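The values are calculated or read from the model by the stated rules, or taken from the named source; none is laboratory data. Treat the numbers as computed from the prediction; the structure is a model and nothing was measured. Glycine also receives a Cβ, built like all others from the backbone with ideal geometry; neighbour counts cover every protein chain displayed. SASA here: full protein model, heavy atoms, side chains in, ligands and nucleic acids out. Shrake-Rupley method; radii C 1.70, N 1.55, O 1.52, S 1.80 Å.
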Amino acid sequence: MVKIIFLHPDLGVGGAERLVLDAGLAFKSKGHDVIYYTNHHDPSHCFAETRNGTFPVNVVGDWIPRSIFGRFKAACAYARMVFAAIYLAWYVIPAEEPTLIFCDLISLCIPFLKLARGPHRIVFYCHHPDKLLSAEGGFLKKLYRAPLNWLEELTTARADKVLVNSKYTARVYKDAFQKIKDIPDICYPSINTEFFKSAVPKALKDILPIGADKFVFLSINRYEKKKNLKLALLALEQLKNMVDETEWERVHLIMAGGFDPINLENMEHFIELTDLTAELDLEEKVTLMKSPRDLEKVSLLYNCKALIYTPSNEHFGIVPLEAMYYSKPVIAVNSGGPTETVVNEVTGFLCEPTSESFAKAMFTLMTDPELCRKLGEAGRKRFDTKFSFEAFTNQIEGILTRERQVISEARAIEYEKKNK
């Protein structure tokens, strides 16, 4: 058994949070001791595993502000993680017990975790370089970001092992951090299939007042502008002009996504989507849901006919896997991680990020039920073959085994030096 400590900025309901929790479940299934530390954890806005006792969760540094007058969010996030890392190094990481520290998103914590005594190894999971996530700005913004970007590359290189979530992210990582010569390992995320197997989905009418005869398109994503959720609404408007009145009567779009009431962008973008729905005269055809609970999310996936996934250059994208598990075809943008999970015209459609392209794929699925079924079945087979939780568990345990071997070799060398 190995002690495994996860350090994550905010244990909310995003894809990064799902990844670190699934990694924890994988380690726990192999008998390891898993514990989480975070800067923020809201029991009303989190995955079930962090509130039902599956994992102990400790909050450190939440008193440090998330921004200063709405600005300097990155600097504040870095400060919060550095504080947590120093706390772990001084008070938590055991001096004698072999420990694996798994951190992600913010690499600046790594040198401070290195201050801890004892045999430990640090694995950094790079979902996407932070320097590339920052919006463009003027001279002052570039001046502000320059030291943060430099520190990100410098500190990422200090990790004992770097993992990335896709071949796409590996390419981006190598382009962004050209001074780092080590090649990251690709570790595809998966989903907690034990929960999906045990969950008994509710009928759609028990969640939303939608008839069982509807052809439901489902979009699941956080309410953030970068997710390009407007594309789903614009595609639905295009679809209206492609089908007859009877077929249009059957169509319904459900947009469900993570909504954090303390996140200003979530609030503003939800209002934007609501206004656009009214502007396009689609209010009777669209339902917007805020932060569906786990069972509601499973029920939506089970009862929908197809998934619409709108982000461009998505780092990986866990939701397409969830849809594929339930044998649903996926319509996604032909870029980023979805190009590694969705096979065009085999498990779904990879489209240009235009309303016309998405509407054409939606029309094809609506008007050809047999094709819709075949694509969904092929998606489930692809999930079982390449993205199952068993495959993820074996991969993550293999990484741990290699890191544990390095610790053992280091201790043997140290022992020999002391006894010379």
Within region 138-161, how many residues are farther than 18 Å from residue 125 by Cβ and of a type in the set (D, E, K, R)? 3
Any idea which residue in region 355-380 is surrounded by the most Cβ atoms within 10 Å (Cβ to Cβ), counting only those that are among the charged types (D, E, K, R) and under 15 Å from residue 345 (Cβ atoms)? 360
Of those in region 179-202 that are aliphatic (A, V, I, L, M) and open to solvent by 40 Å² or more (accessible area, probe 1.4 Å), the residue nearest to residue 165 (Cα to Cα) is 186
Suppose we filter region 268-283 for residues that are part of a helix (DSSP H, G or I) and over 23 Å from the mean Cα position of the chain (by Cα); how many remain? 8
Identity of the residue in region 1-10, of a type in the set (A, V, I, L, M) and at pLDDT 90 or above, that ends up surrounded by the most Cβ atoms within 10 Å (Cβ to Cβ): 7
When residues of region 71-80 are limited to those that are outside any strand (DSSP E or B) and free of Cβ contacts under 8 Å to residues at least 24 places away in the same chain, the one nearest to the chain's Cα centre (by Cα): 73
Taking residue 323 as meeting all but one of (1) open to solvent by less than 10 Å² (accessible area, probe 1.4 Å); (2) under 16 Å from the mean Cα position of the chain (by Cα); (3) under 20 Å from residue 168 (Cα atoms), write down the number of the exception. (3)
Of the residues in region 11-56, how many are part of a strand (DSSP E or B) and open to solvent by less than 40 Å² (accessible area, probe 1.4 Å)? 7
Can you tell me which condition residue 231 does not meet? The list is (1) of a type in the set (A, V, I, L, M, F, W, C); (2) within 24 Å of the chain's Cα centre (by Cα); (3) at pLDDT below 95, and all the others hold. (3)
Go through region 326-337 and give me each residue that's within 18 Å of the chain's Cα centre (by Cα) and either over 14 Å from residue 306 (Cβ atoms) or part of a loop (DSSP other than H, G, I, E, B) (or both). 333, 335, 336, 337
Is there a residue in region 284-305 that is modelled with pLDDT of 95 or more, in contact with a Phe, Trp or Tyr (Cβ under 6 Å, 6 or more places away or on another chain) and of a type in the set (D, E, K, R)? yes
Kindly check whether there is at least one residue in region 286-299 that is of a type in the set (Ser, Thr, Tyr), in a helix (DSSP H, G or I), in contact with a Lys or Arg (Cβ under 8 Å, 6 or more places away or on another chain) and touching a residue at least 24 places away in the same chain (Cβ under 8 Å). yes
Positions within region 360-395 being closer than 15 Å to residue 247 by Cβ and not hydrophobic (A, V, I, L, M, F, W, C), in sequence order: 360, 364, 367, 368, 369
Residues (farther than 17 Å from residue 33 by Cα and open to solvent by 20 Å² or more (accessible area, probe 1.4 Å)) located in region 91-117: 91, 105, 108, 111, 112, 114, 115, 117
